[in-house]
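The values are calculated or read from the model by the stated rules, or taken from the named source; none is laboratory data. This structure is a prediction, so every number in the text was calculated from the model and none was measured. In this analysis, Cβ positions are derived from the backbone assuming ideal geometry, glycine residues included, and neighbour counts consider all displayed protein chains.
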Amino acid sequence: MESVYSTATIVPYTKHKNKAHIIKKVNNTKKSVKLKISVKKENNNNSQNVQKSSQTRFSSDNKSQKKLRLEPDLVKIMAQSEDPEELGHVWKAWHDATGRKIKNKYVTYVELMKEIATLNNFSSAGKYWTHAYEDPDFEKTVEDLWKEVKPLYLQLHAYVRHRLRKKYGSKVVRREGYIPGHLLGDMWAQSWIHVHRFAMPYPNVTKLDLTKAIMEKNFTEIVFFKIAEDFFHSIGFPMLPSTFWNNSILARPRDNRELVCHGSAWDMYDGQDFRIKMCTQVTYDDLVIVHHEMGHVYYYMQYKDQPIIFREGGNPGFHEAIGDTIALSVSSPVHTARLGLTESSSYSTEEDINFLFLMALQKVAFLPFAYVVDKWRWIIFGDETNPKNYNGLWWKLREEIQGIEPPIDRTKEDFDPGAKYHIAANVPYIRYLVSFIIQFQFLEAVCLASGQYDPGDVHRPLHRCDIYGSLEAGIGLKQMMRLGASKPWPDAMEMLTGYRTMQTKGLLAYFHPLYLWLRDENKRNHEPIGF
C-alpha cells in the first residue's frame, strides 16, 4: 500500500474546450513485504505482494506531458495556484491515483490488524495502537481535548471561510457550512498556511521578511546548527559531541547522491553518536526546523544512560513536542530580535495578531485533521462499519469535525483516506495531535519558570516568551527528558508542568489574543459560526 502512494503521479492540469478524458494506467509489480503479526501468521504467509506503480495521464494530443509527483510538484500547485478548477483537478487526480488503488488491500489489512489485537489480548486494534498512552479511556481523553480547543477552531474556520468566499465568490464557497478542502493550500487541508496571502487580518502591516534578513547576515547551514546548539547550551544543556558534527548530513551533499532530504534526527544507540540528516536551506523556516530537529538530538542525549528499552519519549507525542516547544520559543518576536533579524522585539497589536494568525493556520487548523485520521481508524478497527462505508465514514468525520468537504461528490468506490501517507503506510497519527497540544503545555511551564510569561500581565503574553538564557527553564526540561520512558509519562509530565494529564490551557493562552480578535471580527461580519 505504501508503494502505491510513493510512486503515484499525475499529469498537469490543462484547460480545453472539451474536457480531456483521464486514462489510468496501473503497472503491477511484486515486492515481498513481511507482515509481522504473529509467529503463526509469519509461518503461513511470510509475504504479501502490495507494490504497484500508479500513473495518471490525459488522453490528449500531448502524450509526452511530464507526470507530476506529490513532492515537489503537487505540493507547489496546491500551495500556489488560485484557480479552483486546477486545484480540483489535482485534488481528484491524486486521490484517484492513490486511495482507489489500495482500497481492497486496505480491507485485508484491517482484518489483519484485528487479528493482531486479538493475539495480544486487546479488545480492538484501536486499543492496541493507543496502549502506549497508558490510559484505558484514551479515546475519550482525546475527544475531551478536542472539545476544549474547538471554540477557537470554529472562529478560525469561520474567518477563513469568509476570506475564501471574498476571494473565490459565493458560488465556490458558501456563506454557511463546509469549506471546500482543495482551496486551503494543502492536499489534505491539514495546514492552511498558504491562505495567508489573501486572509491576513492586517494585510497593510509590513510583513517581515526574515529569510531576507538571514541572507543579509550571510548565515550558512552550519551557522544554523551552531545557533541552535547555542540556544540549548544557554538553558543548561551540554555542547554537542564531535560525533554529531562528523557524522551528520547538514546540507545537500555535493556528490549528487540519492538522499531523502526530509529532516530527521538519529540516535545510534551507543550513547555517543547522535546525528541529523537534513538538506538545510538558508531560510527562516529551516532555521526553526533545525531547532526542532536539535530537540530530538538533545532528548536522545538526555536519556542516553537509560536501558535501551527506555530510550524513547515519555509517550509517543513527547519527542515531537520537545522539538516544537523550542521552535515556539525561537519563533517568538523577542528571539528574532535577539538574532538581529528584526529591529525591535516590540510588536504592535496588529503585528501580534498577524503573527498569531500565521501560527494558528499551522497549529490550530491541524488539530481536527489529526483527530479525524485516527478516529476513523479506531472506528473501522472496531467492527463498527462495513468496508463499503469506509469512504462515507471518512467524509462524515471530516465534515462533522473539520468542517471540510471534497471538491466533487465522492462515492463508496473511492477510498480517499488512502491518499494520506500515514494511512497507506500504517503509521499511527494521534501522536501528532498529542504533540501539538502538549508543546504548548511544555512552553507554558518553561516560560513560567523563566519569568518570561505571566498570565496576569498583558505585557508578558505566552506567545512572546523566549527562554533563551534561562537556566531555570532548562532544569525542569532536562529532568523530564532524562527519564525517557523509564517512568509512566504522567510522572514525567508532572515533573515539568505540575500536571499529570494533558492540558489545553497553554494552547488556549497562547492564542487567546487571536481568539478575541477572530470572535469580534466574525461578529462584525455577521459570519455564521460552525458548520
(request) Looking at (1) more than 30 Å from Asp270 (Cα to Cα); (2) surrounded by fewer than 23 Cβ atoms within 10 Å (Cβ to Cβ), find the lone condition where Ser329 falls short. (result) (2)
(request) Run down Asp73, Asp144 and say which single residue is without any contact (Cβ under 8 Å) to a residue 24 or more places away in the chain, part of a helix (DSSP H, G or I) and over 30 Å from Thr385 (Cα atoms). (result) Asp73
(request) Select from the stretch 312-329 the residues that are part of a helix (DSSP H, G or I) and of a type outside the set (Gly, Ala, Ser) and write down the one among them that is nearest to Leu443 (Cα to Cα). (result) Thr325
(message) One residue is enough: does the stretch 438-452 have a residue meeting the conditions farther than 30 Å from Ser346 by Cα, within 23 Å of the chain's Cα centre (by Cα) and of a type in the set (Val, Ile, Thr)?
(response) no
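Condition check ((1) modelled with pLDDT under 95; (2) in a helix (DSSP H, G or I); (3) out of contact with any strand residue (DSSP E or B) (no Cβ under 7 Å at 6 or more places or on another chain)) across all residues:
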site	(1), (2), (3)
Lys412	yes, no, yes
Pro417	no, yes, yes
Asn426	yes, no, yes
Tyr432	no, yes, yes
Val458	yes, no, yes
Gly469	no, no, yes
Met481	no, yes, yes
(request) Identify the residue in the stretch 111-125 that is among the small types (Gly, Ala, Ser) and either in contact with a strand residue (DSSP E or B) (Cβ under 7 Å, 6 or more places away or on another chain) or in a helix (DSSP H, G or I) (or both) and, among all such residues, is farthest from Asp137 (Cα to Cα). (result) Ala117
(message) Whether any residue in the stretch 379-399 is closer than 19 Å to Lys114 by Cβ, in a helix (DSSP H, G or I) and out of contact with any helix residue (DSSP H, G or I) (no Cβ under 7 Å at 6 or more places or on another chain) is what I want to check.
(response) yes
(message) List pairs: first residue in the stretch 295-310 and under 14 Å from Thr325 (Cα atoms), second residue among the polar types (S, T, N, Q) and assigned to a helix (DSSP H, G or I) anywhere in the structure, Cβ distance under 9 angstrom, at least six positions apart or on different chains.
(response) Gly295/Thr325
(request) State whether one or more residues within the stretch 307-319 are closer than 30 Å to Pro428 by Cα, surrounded by fewer than 19 Cβ atoms within 10 Å (Cβ to Cβ) and of a type in the set (Val, Ile, Thr). (result) yes
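Residue by residue, here is whether (1) out of contact with any strand residue (DSSP E or B) (no Cβ under 7 Å at 6 or more places or on another chain); (2) among the basic types (Lys, Arg) holds:
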site: Ile380; (1), (2): yes, no
site: Gly392; (1), (2): yes, no
site: Leu397; (1), (2): yes, no
site: Ile404; (1), (2): no, no
site: Ile408; (1), (2): yes, no
site: Lys420; (1), (2): yes, yes
site: Phe440; (1), (2): yes, no
site: Gln452; (1), (2): yes, no
(message) Restricting to the stretch 234-260, and then to whatever is loosely packed, with under 15 Cβ neighbours inside 10 Å and farther than 30 Å from Ile467 by Cα, can you tell me which residue is nearest to the chain's Cα centre (by Cα)?
(response) Val260
(message) On the basis of being at pLDDT 95 or above, crowded, with 23+ Cβ neighbours inside 10 Å and of a type outside the set (S, T, N, Q), does Gly392 make the cut?
(response) no
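One line per residue, one yes/no per condition, for (1) more than 30 Å from Asp466 (Cα to Cα); (2) surrounded by fewer than 21 Cβ atoms within 10 Å (Cβ to Cβ):
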| residue | (1), (2) |
| --- | --- |
| Arg410 | yes, yes |
| Asp414 | yes, no |
| Ile423 | yes, no |
| Asn426 | yes, yes |
| Val434 | no, no |
| Ile438 | no, no |
| Phe442 | no, no |
(message) Just to verify a result, which residue in the stretch 147-173, among those that are touching a residue at least 12 places away in the same chain (Cβ under 8 Å) and assigned to a loop (DSSP other than H, G, I, E, B), is surrounded by the fewest Cβ atoms within 10 Å (Cβ to Cβ)?
(response) Val172
